[in-house]
Amino acid sequence: MISWQSITFIGDSIITMPAAAAIVIWLISAGAWRMALSWCLLFGGALTMVLATKIAFIGWGIGIPGLDFTGISGHAMRACAVLPVIAYLLLQHARPSVRVCGVLLGFAAALMIGLSRLVLHVHSASEVVTGIGLGTLVAIAFIRQSEGQPGLHLQRWVVGLTMLGLVPSTHAQPAPTHQWVTTVALYLSGHDRPYVRKPNGELARAPGTSSEH
């Protein structure tokens, strides 16, 4: 049986970021420059929102205690944005019913990744829900925009090479994104200790003895 830890790993940056980059490569190699730009803007904008909420909390303690919210779940957002879009692109020339089923399976897998964040007590419900909502908006917006574009013909050899390139990521360690975001947040805020969520849901500064700079 697949563990929740294995499920949550699929949404890690070490996998979803290269997968998002692969989408760009597929589109550019197919000559779909507008679609590639659209994907970059939508996905990049969502990533910026995730980072902004995390930095705001870690650096300044800006969150919503009543909702136990300290930042949008990056795992949930990336999974909901990337997996359905990959299914949509790979099934471009399949029957509409098959393509719809593929996209729905992509969303279902992404929801499982979001659920894993709750089961593993990494995020609160509000953080996962906002991540799922934001990622879903990205995927739906991209798919709707793509429907009005001329027929897309992905280069199979490009798809194959990028898929092979993702294989090493599945055996890598999770990316230390939280440490990176914390470093950036502390640098920007000028604080020496990050804000954290206590077991009782309270939002407070992490314990420490050094003075702020």
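The values are calculated or read from the model by the stated rules, or taken from the named source; none is laboratory data. Small disclaimer: the values here were computed from a predicted structure and weren't measured. No Cβ is skipped: glycine too gets one built from the backbone with ideal geometry, and neighbour counts run over all protein chains shown.
Table: residues versus (1) at pLDDT 95 or above; (2) under 21 Å from A175 (Cα atoms); (3) among the hydroxyl-bearing types (S, T, Y).
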residue: S3; (1), (2), (3): no, yes, yes
residue: A20; (1), (2), (3): yes, yes, no
residue: L41; (1), (2), (3): yes, no, no
residue: V50; (1), (2), (3): yes, yes, no
residue: I62; (1), (2), (3): no, no, no
residue: A79; (1), (2), (3): yes, yes, no
(request) Would you point out the residue of the stretch 132-152, among those that are of a type outside the set (S, T, Y) and closer than 14 Å to W33 by Cβ, that is nearest to the chain's Cα centre (by Cα)? (result) Q145
(request) For S97, indicate whether it is free of Cβ contacts under 8 Å to residues at least 60 places away in the same chain and touching a Lys or Arg at 6+ places or on another chain (Cβ under 8 Å). (result) no
(request) Would you point out the residue of the stretch 63-82, among those that are touching a residue at least 12 places away in the same chain (Cβ under 8 Å) and of a type in the set (G, A, S), that is surrounded by the fewest Cβ atoms within 10 Å (Cβ to Cβ)? (result) G63
(message) Go through the stretch 104-128 and report how many residues are closer than 22 Å to G44 by Cβ, out of contact with any His (no Cβ under 9 Å at 6 or more places or on another chain) and among the β-branched types (V, I, T).
(response) 0
(request) Find all pairs meeting these conditions: Cβ atoms under 9 angstrom apart; at least six residues apart or on different chains; first residue within the stretch 147-158 and free of Cβ contacts under 8 Å to residues at least 60 places away in the same chain and loosely packed, with under 10 Cβ neighbours inside 10 Å; second residue assigned to a loop (DSSP other than H, G, I, E, B) and not basic (K, R). (result) P150/A32; G151/Q92; G151/H93
(message) Every residue in the stretch 113-131 that is buried (at least 17 other Cβ atoms within 10 Å of the Cβ) and part of a helix (DSSP H, G or I), please.
(response) I113, G114, S116, R117, L118, S126, E127, V128, V129, T130, G131
